[in-house]
Amino acid sequence: MFDRYGAIFRIPGAAAFCAASFVARMPLAMYALGIVLAISARDGKYGFAGLLSACYVFGNAVGTPVLSILVDRYGQRRLLLPAGALHAASGVVFAIMLHSGASVWSLVPPAVVFGFSYLTIGSLVRARWSNLLAGRPELATALSVESVLDEVIFVVGPLVATVLATQVDPVLVIYLGVALVSAGSLWLASLRATEPPVHPRAEEGHVSALRSRGMIPLTVASVGMGAVFASAEVSMIAFCGQHGHRPWSGFVLAAIAAGSGLSGFLYGAIRWRADVLRRFRLQSVVFAVLPCALFAATSVPVLAGGAFILGIGIAPALITVFGLIQQIVPARALTEGMAWIATGLNVGYGAGAALVGGIADAHGARAAFVVVVASSMSVGVLGLLVRVQQSAAAASDRPTPVAP
């Protein structure tokens, strides 16, 4: 099992860019939660907290494809530095306004810019793996590594954010996130040996990844996934708060990531015989059914168990989505293709966060679980309907595999 993971990290430079990206994307699990905790701590309501979190996420949803197209055209290093600087500046402004007690609506513009400028590091590192392992079975293992690391982030991040927000000051979550993004971006930008090449053909005119067959339904399915993540997160925070255990919300959210991380690790250790499309269809159905476990929650410990069960379906579904993207999208638009999935996740996250907070306020957290299950069911339906086809451009445009 461990040999498959060890083989990919023997590739020169792989461990370094994997570690750098881990640092830079740690705030993925901190920002939205930190915003919800900061605003809800002011008035005890989750409606506007979810809405402001959605503004940050929607800003990121707009910025992700724009910045990713520029990455494909000009290279990762030339985008990491200016985007990181803008993100740091807007984050500091946003944190200062939060700390000073600025009116809630005045926080919307900096929240949008803050999200817009957060370059999708996960797409960048997956593009590096795809460049190094194109056409090799080890790529599935590498993508599993990234999904497992994402889940580690979503175990550690909520715990750190919750402790800082409930025991010290919610604004510190923003400052810590800005520091991690800045350090990780500078580190990743310095690793030029593993940076995917800029494709000269991109200068002839941009070819959108969305033109690849299967991209649009996959992107729409990712919207449903994002809605599951947000609605589960906000409703679970509300559940803990309404049951008098608000400080435990980070542990409950970490249970989601623990379930996902475990399933992702096991998925990456298996040598699969079924093609990636069949695997995606299966995983989308599993993803659809597991959130029903939340309805069994009668206490915070039982909710944590349901959260773990929900998480089991996440990593394999995302791994197969990114595996499909690598097959159907031309290499010169690969970062963009992966970024559209991240955009879909963000759009769904923003919509779910904006919707479920009001439901939790008006009808209680258990009623909000309906949004989680409805969103997951939409992913299952779309997964069964997806049809993909590897284009000639996707096959011919792939770089030559690099030997470990």
Could you list, ordered by first residue, the pairs with Cβ atoms under 6 Å in which the first is in the stretch 140-165 and closer than 19 Å to Ile270 by Cα and the second is open to solvent by 40 Å² or more (accessible area, probe 1.4 Å) and in a helix (DSSP H, G or I), at least 6 apart or interchain? Thr141/Arg4; Val148/Phe265; Leu149/Phe22
Report whether or not Thr162 is among the β-branched types (Val, Ile, Thr) and either open to solvent by 10 Å² or more (accessible area, probe 1.4 Å) or not in a helix (DSSP H, G or I) (or both). no
So, in the stretch 164-182, exactly how many residues are out of contact with any helix residue (DSSP H, G or I) (no Cβ under 7 Å at 6 or more places or on another chain) and among the β-branched types (Val, Ile, Thr)? 1
What residue, of Val156, Val92, Val125, is more than 30 Å from Gly6 (Cβ to Cβ) and among the β-branched types (Val, Ile, Thr)? Val92
Residue check, Leu124 against (1) assigned to a helix (DSSP H, G or I); (2) touching a Pro at 6+ places or on another chain (Cβ under 7 Å), all met but one. Which one? (2)
Here the residues within the stretch 360-390 that are free of Cβ contacts under 8 Å to residues at least 60 places away in the same chain and of a type in the set (A, V, I, L, M) are Ala362, Ala367, Val370, Ala374
Given the conditions (1) under 19 Å from the mean Cα position of the chain (by Cα); (2) under 17 Å from Gly313 (Cα atoms), and given that Gly352 satisfies all but one, which numbered condition is not satisfied? (2)
What helices (runs of 4 or more DSSP H) lie completely within the stretch 1-116 and have 1 or more residues being of a type in the set (Asp, Glu) and open to solvent by 10 Å² or more (accessible area, probe 1.4 Å)? 2-9, 31-43, 47-74
Which residues, taken from the stretch 7-26, are more than 22 Å from the chain's Cα centre (by Cα) and closer than 14 Å to Leu143 by Cα? Ala7, Ile8, Phe9
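The values are calculated or read from the model by the stated rules, or taken from the named source; none is laboratory data. Values in this document were obtained by computation on a predicted structure and should not be read as measured data. Cβ: placed from backbone, ideal geometry, glycine included. Neighbour counts: every protein chain shown. Just so you know, the surface numbers come from the protein's heavy atoms only, side chains and all, with ligands and any DNA or RNA stripped out. Shrake-Rupley method; radii C 1.70, N 1.55, O 1.52, S 1.80 Å.
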